[in-house]
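We did not get these values from a lab; they are worked out from the coordinates using the rules stated. Small disclaimer: the values here were computed from a predicted structure and weren't measured. When we count neighbours, we look across all protein chains shown, and the Cβ atoms used for this are built from the backbone with ideal geometry, even at glycine.
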Amino acid sequence: MLHTFSDSTVRLQATQTLMSDGSIFSLRRMLPFIGPSMIAAVAYIDPGNFATNIEAGSRYGYTLLWVVLFANVIAMLIQTMSARLGLATGKNLAELIRQRASKRLVWFYWIQAEIVAMATDLAEFLGAALAFHLLFGMSLMQGALLTGVITYAALYMQRYGFRTMEIMIAAMVLAVSAGFLIEVFISHPDMQAMTTGLLTPQFPDHESIYLAAGMLGATVMPHVIYLHSSLSQNRLDTQSESQKQTAMKFYRLDVLFGMALAGLINMAILILAAALFQSSAFGEAISISEAYLALGAQLTGQIPQLLFGFILLICGLSSSIVGTMSGQVIMQGFMRFRIPLWLRRGITMAPALIIILMGVSEQQALVWSQIVLSFGIPFALIPLLKFTSDQNLMGKMANTSGVQFTGVICASLIICMNIYVIWNVFT
C-alpha cells in the first residue's frame, strides 16, 4: 500500500501521463500532480486567519467577505506563478534571488524572509497552544511545547518522501473543511447579507482597512511563495519543454483546487463569526478564546464548541509543519546551508514562547503577526513577477502580458494597503 503512494511511483505515473495523450481532466491522470497546492493551502488557513476573520466577522458582519474572495483570487495567481517558476527553471525563488541579486540585497531578503517566517510560526504556535488550552486545560506554555514535539515528529516523516507528507497534510485540510462545513450549516447564516458582502467591495471605516490588510496578510502568505516554487522544482522528471507545459496544466488545476478549498475555509470562519457574534450581545470584535466559549452559549450542546477547538488544533499543527518546511527552503535557498531540524524548530518556537511568557493577548499577537506577513508580500511578489516574466529564464512558460499586468496591479494594491497601515499606526 505504501509503495502505491511512494515518490517513485508518483514520478512514474506522472511521466506516463506526460508522454501520453488524453484529457487532462481525467481524475486518474491528475492524481500524480495533486499535492503541492494542498501543502501551500495549509499556510492559508493558519490560526492567524482565525484571528483576523473572527475579528472581521464579529465587528463588521459579512461586510468584509469580499476581502477574503479578493485575497484568494490573488493567492491563486501568485501560487500558479510560483509553481511555474520552479517547474520551468528547476530552481526555487530564494535560489534565483541569490544567483541574480547583490550580496547585500540577498542578506536583506534573507533577514526579512526569516522575520516573516517567525511571524508565521508565532501565529501557528499560539493557535495550536491555545487549542490545547481550550480543549484540555493545558497552560499556553505546555501547549506550545507539546506543539513543538508533535510538529517535529510530523516533519520527521519527510524522510519517507514528499508523497507521504502531501497525503498527511491533505487529510488535515479535508478534515478542517468538513468541520467548518458542519459549523456553518448549524449557524444558519444570513444568505442575502452574505451574498452582498461577497460581491460588494466596501470599507465601513478606516479601522476596517487596517483589518483588511491583516486579512490579506493572513491569506496571501509570503513564505509559502518560496515554498511552492521549491515543491515544484524537482518533483517531476520532465524531459522536454512540451512536457513542462503539459505538467503546468495539471499544476494549474492543482492550484485552483487547493486555493479554492483554502478560500472556502477562510470564508467559513468569517461567516461563522458574523452569524453568531455580530448580531449577538458581543456586538464587536472578539478573540478566538471568546469565540470558542461563546459557541457553547450560541449553539446547543458542546459538540460545535469542541469541533471548533479541534479544527483550530489541526490548523495550528499542520500550518506549523508547513511553516518549518518554508523556513528550511528560505535558509537553504538564500544562504546555501541547512541547520538540523530540531534546532530550526527550537529557534522558530522562541517568539511564541516569549509572547506567552510576557502575557500578551493572543488575539493582539495573532493579528499583528498577520500585519507583518502583509508587509512581506511585496518582497516575495516583486521578484516572482520579475523572474516569471523573463523569457530568457522561463522560455515559453513566461507570463503573458495579461498575467503580468494583473500581477503588477495586485502587488501595487497590496503595497498601497501596507502604506496605509503604517500611516494609521503612527498617526
(Q) Can you give me the angle between helix 288-298 and the longest principal axis of the chain, using Cα atoms only, in degrees from 0 to 90, rounded to the nearest 10? (A) 60 degrees
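Give me the net charge of Gly214's neighbourhood, meaning all other residues with Cβ under 14 Å from the Cβ of Gly214; Lys, Arg count +1, Asp, Glu -1. Provide the component values of the computation, followed by the final result.
Numbers: positive: Arg59; negative: Asp46, Glu55, Glu207.
That sum, taken over residues with Cβ under 14 Å, equals -2.
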Q.
Please check: in the Gaussian network model of the chain (C-alpha springs, under 10 Å), which one of Arg84, Arg100, Arg345 has the largest mean-square fluctuation.
A. Arg100
Q: Please give, to one decimal in nm, the separation of the simple spin-label points placed at Trp107 and Arg159, each 7 Å out from Cα toward the Cβ.
A: 3.6 nm
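Could you work out the local net charge near Arg336, counting Lys and Arg as +1, Asp and Glu as -1, over the other residues with Cβ closer than 14 Å to its Cβ? Display every interim value, and only then the final one.
Values: positive: Lys91, Arg98, Lys103, Arg338; negative: Glu95.
Net charge around Arg336: +3.
When Glu114, Glu124 are ordered from fewest to most other Cβ atoms inside 10 Å of their Cβ, what list results? Mind showing how you got there, number by number?
Details: Glu114 18, Glu124 31.
Fewest-to-most Cβ neighbours within 10 Å comes out as Glu114, Glu124.
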**Q.** Candidates Met38, Met191, Met248, ranked by Gaussian network fluctuation over the chain, Cα under 10 Å, top entry
**A.** Met191
Q: Using only Cα atoms, locate the centre of the stretch 28-86 and the centre of the stretch 138-206, then give the distance between them in Å, rounded to an integer.
A: 11 Å
Q. Taking neighbour counts of Cβ atoms within 10 Å as a proxy for exposure, in what order, fewest first, do Leu96, Leu85, Leu384, Leu253 appear?
A. Leu253, Leu96, Leu384, Leu85
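Using a Förster distance of 25 angstrom, determine the FRET efficiency expected from the C-beta separation of Phe337 and Asn234, and round it to 0.05. Intermediate results must be reported in sequence, preceding the final value.
Details: r = 19 Å, r/R0 = 0.76.
My answer for the efficiency is 0.85.
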(Q) Can you tally the net charge around Leu373? Count Lys and Arg as +1, Asp and Glu as -1, for every other residue whose Cβ sits under 14 Å from the Cβ of Leu373. (A) -4
Q) For the residue pair Phe310 and Phe203, what label-to-label distance in nm results when each label sits 7 Å from Cα along the Cα-to-beta-carbon direction? A) 4.0 nm
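To the nearest 20 Debye, how big is the dipole of the chain about its Cα centre, given +1 on the beta carbon of each Lys and Arg and -1 on that of each Asp and Glu?
On the way: 22 positive and 20 negative charges, 336 e Å.
Using only the charged Cβ atoms, the result is roughly 1620 debye.
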Q. For the charge dipole of the stretch 44-426, defined by +1 on Lys and Arg C-beta atoms and -1 on Asp and Glu C-beta atoms about the Cα centroid, which residue among Ser326, Val255, Gln245 has the Cα displaced farthest towards the positive pole?
A. Gln245
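How do Phe308, Phe125 line up, fewest other C-beta atoms within 10 Å first?
Working: Phe308 26, Phe125 31.
Fewest to most other Cβ atoms nearby, the residues stand as Phe308, Phe125.
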**Q.** Point-to-point label distance, Ile419-Lys386, nm (Cα→Cβ direction, 7 Å offset)
**A.** 1.9 nm
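Given Cα pairs under 8 Å that are at least 6 residues apart, what percent is the relative contact order of the chain?
Values: 665 pairs, mean separation 159.0, N = 427.
Dividing the mean separation by the residue count of the chain yields 37 percent.
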Q | Among Ser102, Ser187, Ser326: highest mean-square fluctuation, GNM of the chain, C-alpha pairs under 10 Å | A | Ser102
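Roughly how big is the stretch 121-241's charge dipole about its Cα centre, with Cβ charges of +1 (Lys, Arg) and -1 (Asp, Glu), in debye to the nearest 20?
Details: 3 positive and 9 negative charges, 85 e Å.
About 400 debye.
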